[in-house]
1. So, in segment 27-39, exactly how many residues are in contact (Cβ under 8 Å) with a residue 24 or more places away in the chain and either under 30 Å from the mean Cα position of the chain (by Cα) or more than 17 Å from residue 70 (Cα to Cα) (or both)?
2. Six or more apart or on different chains, Cβ under 7 Å: which pairs go from a residue in segment 78-105 that's in a strand (DSSP E or B) to one that's basic (Lys, Arg)? Could you list them?
3. Tell me whether segment 84-94 contains one or more residues that are in contact with a Lys or Arg (Cβ under 9 Å, 6 or more places away or on another chain) and modelled with pLDDT of 95 or more.
4. Could you say whether any residue in segment 90-101 is β-branched (Val, Ile, Thr) and surrounded by fewer than 19 Cβ atoms within 10 Å (Cβ to Cβ)?
5. Taking the residues in segment 49-89 that are within 12 Å of residue 122 (Cβ to Cβ) and among the hydroxyl-bearing types (Ser, Thr, Tyr) as candidates, determine which candidate is surrounded by the most Cβ atoms within 10 Å (Cβ to Cβ).
6. Does residue 80 meet the test of being more than 26 Å from the chain's Cα centre (by Cα) and on the phi > 0 side of the Ramachandran plot?
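The values are calculated or read from the model by the stated rules, or taken from the named source; none is laboratory data. Note that this is a predicted model, so its numbers are computed, not measured. Counting neighbours? That spans all protein chains shown, and the Cβs are built from the backbone with ideal geometry, glycine included.
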Amino acid sequence: MPDLKAGFALAVFALVGMLAGVADAKLSTPFEYVSNGVDIANYDLDNSDMVLALDVKVTDTKGSLELTLDRNLIDSRYNGKDDSFLVIADGDEVLYKETKTTQKSRTLKFSLSPDVELVEIFGTHVNGITFAQSEQPVVNIQNDQLQKLFTESTILKEKNGKLVDEINKLKAENEALKKENKKLDGRVFELQNLVSAMDKKVKDLNSVVSEQVKTMFKWFSRK
């Protein structure tokens, strides 16, 4: 029985070790990478679009990837000099830092948000094939993304046009109010002058009436 128990314990330990090894296993890729909170499920190299595509799963609130890319695998060059890669995560450009550059490879490091599922790295050379039409980096955004950007741009232009019209309308109303205010100021000034003149006439009339009353009182007194 002790031998049986010992054998069973060793089998369980070996099984746990195997499972742990499977859990820790990384996807075999033609490039080296260090991930922090990011799992690479699959990858694809597209010679026509000059892109390295990565299917990823971000497991932390903010994951990061550091890829060491062999120049023969993918590179970005212009006029014989190193040029920037274009890194896209689910349609949005991602800023990266090139942490190391050698004659054989380039190392890129960037962060990813939790909802990212697809990372695309665009260059000018893939698997030794150079993009023939241009030596500039290729941006291949899908048609639906282009349409979405165009639609959003059109909506923003319409909103901007409406805001400009509203501003111009308010300016015109403000100018009209200024003119009306000037007219009202002039009318108020005229009315104030008229009131002053009427006050003077009333005072003069009161003086005349007072003198007439005094004269009549003297006349009645003599009677």
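1. Total satisfying the criteria: 6.
2. 97/109; 98/106; 99/109; 105/71
3. Yes, there is a match, as at least one residue in segment 84-94 is in contact with a Lys or Arg (Cβ under 9 Å, 6 or more places away or on another chain) and modelled with pLDDT of 95 or more.
4. Within segment 90-101 (the criterion being β-branched (Val, Ile, Thr) and surrounded by fewer than 19 Cβ atoms within 10 Å (Cβ to Cβ)), the answer is yes, since at least one residue qualifies.
5. Once the filter is applied, the top-ranked residue is 76.
6. yes
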